[in-house]
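> This is the structure I want to talk about, given as structure tokens.
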Amino acid sequence: MRKIEERKETTEQIHGGDIYRHPEATDFSVNSNPLGPPKGVIQALEESLGEIACYPDMRCEKLREAIGQFEQTPPEAVLCGNGAAELFFAAAWAQKPRKGLVTAPAFSEYERALGAAGGQTEFYELREEQEFEIGADFLERINPEVDLVFLCSPNNPTGWPLEQEFVKEALERCRACGARLVLDECFIDFLEDPGQYEVRDLIREYPELLVVKAFTKSFAMPGLRLGYALCGDRKFLERMQEMLQPWNVSLPAQVAGVAALQGAEGYLEETRKVVARGRAFIREGLEACGFPVYGSKANYVFFKGRPGLYREALAAGFLIRDCGNYRGLPEGFFRVAVRTEEENERLMAWLRRS
């Protein structure tokens, strides 16, 4: 197995989206909903401005009730957080793992959460020759030495979703080994048929499962920082809650979350149509330029480009995600978000000329 080198970067380099240093660029590096926030969210925020003189509800009761209805899950099985990343850290602190298992490449906060909780991180490398799909041999890596497993469906940055049967098999392995599975579903709403892959119903059968989702990408609200976890193990959720700061979810975030879930099905249905068209357009454009595309089932496209493409794009006014600092990936891999039709066309027109 190729050695996975340790890299140290700034937060902006790790996550992209550095519009504050590049305000003139069109940001394709962050995978937020191209429709923008639902109109009801903006209206609710405007109407709630006078309430910022009050502390937010520490229990997030209205928000948890709205999430419970949306996810068809009891509110008691919902824990809200200041974005998904906070919940990954809380899960690690609550679990206190000796060793965690993550894929490479994957969202860097899994590894950081494990390290913050004092655990070692073991990596399962996704390989280009297998188009970066996870293999059945991943299940063999869940052994009694592993306490906490992080998976992402669809994976970031590759965009491959996990089959429900694979998640069940991973949960059976976790149960046998005394481990917990944290499943990141932050991009699942962008799949053409999310119901084919969603596993929220499994929290009743498998208390070892913690599903994490966020309003960040699905509802284009990254600036408000709002995520939530679903778990059938109430005691574990209580331990996670103890790891969080009081009032960790602001009043505006709670108001926005409740508003976003009103009429969410229609908004998300339109989202999937727009994303499907944009994703196909970008994929075809990249392949026409000779760039291999892998996975890419969500609202972003993962491809192999050429060295220096990030700086070329930035000079042309486009901020794309250079994936060279993802653990396990060499230079030359990139990720671009699906944005509006006009923005997608401008990016592809530039690539055809470059």
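> Is the shape of the chain rounded, prolate or oblate, going by the alpha carbon gyration tensor and its root eigenvalues a ≥ b ≥ c, with a/c under 1.5 for rounded and a/b larger than b/c for prolate?
Verdict is oblate for the chain.
> Can you compute the FRET efficiency between Y20 and R277 using 1/(1 + (r/R0)^6), with r the Cβ-Cβ distance and R0 = 30 Å? Round to the nearest 0.05.
Efficiency computed from Cβ-Cβ geometry: 0.50.
> With the cut-off at 31 Å, tell me which of the pairs K99/K235; K39/K213; K39/K304; K96/K297; K39/K96 have Cα atoms farther apart than that.
Beyond 31 Å: K39/K304; K96/K297; K39/K96.
> Here's something else I'd like to know. Which percent of Cα pairs goes in each bin when the distances of the stretch 201-252 are cut into 10 angstrom slices starting at zero?
Bins of 10 Å from zero give 22, 44, 31, 2 percent of pairs.
> Output the direction-averaged projected area (hull surface divided by four) of the convex hull of the alpha-carbon atoms of the stretch 4-163, in nm².
13.3
> Out of L210, F334, N33, whose Cα points farthest toward the positive end of the dipole of the chain (charges: +1 Lys, Arg; -1 Asp, Glu; placed on Cβ)?
F334
> Further, regarding this structure: Treat each spin label as a single point 7 Å out from the Cα along the C-beta direction, and report the A288 to I52 distance in nm.
The modelled label-to-label distance comes out at 4.6 nm.
> Whole number in Å², please: accessible area per residue of the chain, 1.4 Å probe, ligands, DNA and RNA not counted.
Spelled out: the 1.4 Å probe surface of the chain, per residue, equals 45 Å².
> While we're looking at this one, here's another question. Counting only C-alpha contacts under 8 Å and six or more residues apart, can you give the relative contact order of the stretch 273-322 as a whole percent?
Relative contact order of the stretch 273-322: 24 percent.
> Gap in Å between the Cα centre of the stretch 294-327 and the Cα centre of the stretch 225-270?
30
> Same structure again: Rounded to the nearest 20 Debye, what is the dipole magnitude of the stretch 82-136 about its Cα centre when Lys and Arg each give +1 and Asp and Glu each give -1 at the C-beta?
480
> Evaluate the stretch 285-354: find the radius of gyration of its Cα atoms, find its Kirkwood radius, and give the ratio Rg to Rh.
Rounded to two decimals, Rg/Rh equals 0.93.
> Moving on to the next point. Could you calculate the FRET efficiency of K62 with E270 from 1/(1 + (r/R0)^6), where r is the beta carbon distance between them and R0 is 25 Å, rounded to 0.05?
Taking R0 as 25 Å, the efficiency between K62 and E270 is 0.50.
> Here is a follow-up. I want to check the label-to-label distance for E341 and K235. Put each point 7 Å from Cα in the C-beta direction and report it in nm to one decimal.
Each label point lies 7 Å from its Cα, and together they span 5.5 nm.
> Percent antiparallel among DSSP beta bridges with both residues in the chain, to the nearest 5?
50
> For the stretch 73-187, just list the percent of Cα-Cα distances falling in each 5 Å bin from zero outward, please.
2, 12, 22, 25, 22, 12, 4, 1, 0
> Then there is this: What FRET efficiency would be calculated for the residue pair R175, E133, taking the C-beta separation as r and a Förster radius of 25 Å, to the nearest 0.05?
0.55
> Ignoring ligands, DNA and RNA, please state the percent of accessible area on the stretch 215-354 from carbon and sulfur, probe 1.4 Å.
Carbon-and-sulfur percentage of accessible area, whole number: 50.
> Now, a different point. Only helical DSSP H runs with n ≥ 4 go in: add -39500 (n - 2.57) per run for the chain, normalise by residue count and round the 222 nm mean residue ellipticity to 500 deg cm²/dmol.
That comes out to -11000 deg cm²/dmol.
> Also, I was wondering about something else. Would you work out the charge dipole size for the stretch 261-352 about its Cα centre, treating the Cβ of every Lys and Arg as +1 and the Cβ of every Asp and Glu as -1, and quote it to the nearest 20 debye?
320
> Sticking with this structure for a sec: What does the highest-first list of 219-232, 304-317 look like by mean Cβ count within 10 Å?
Top of the packing list down: 219-232, 304-317.
> Within 10 Å, Cβ to Cβ, of K96, how many net charges do the neighbouring residues add up to if Lys/Arg are +1 and Asp/Glu are -1?
Net charge in that neighbourhood comes out at +1.
> Take the stretch 71-141, drop everything but the C-alpha atoms, weight them equally and run the Debye formula without solvent; then report log10 I(q)/I(0) at 0.12, 0.22, 0.27 Å⁻¹ to two decimals.
Reported log10 I(q)/I(0), two decimals: -0.43, -0.97, -1.11.
> Once the cut-off is 21 Å, how many percent of the Cα-Cα pairs in the stretch 204-319 end up in the long-distance tail?
Roughly 60 percent, rounded to a whole number.
> For the stretch 124-260, report the translational diffusion coefficient in µm²/s to the nearest whole number, using Stokes-Einstein at 20 °C, 1.002 mPa s, and a Kirkwood Rh over Cα pairs.
132
> Under the √(5λ) rule applied to the eigenvalues of the Cα gyration tensor, what semi-axes describe the equivalent ellipsoid of the stretch 243-297? Give them in Å, descending.
36, 18, 8
The values are calculated or read from the model by the stated rules, or taken from the named source; none is laboratory data. What you see is a predicted model, and the numbers here were worked out from it, not measured in a lab. Cβ sites come from the backbone with ideal geometry, for glycine too, and all protein chains shown count toward neighbours. Keep in mind that these areas ignore ligands, DNA and RNA; they rest on the heavy atoms of the full protein, side chains included. Shrake-Rupley method; radii C 1.70, N 1.55, O 1.52, S 1.80 Å.
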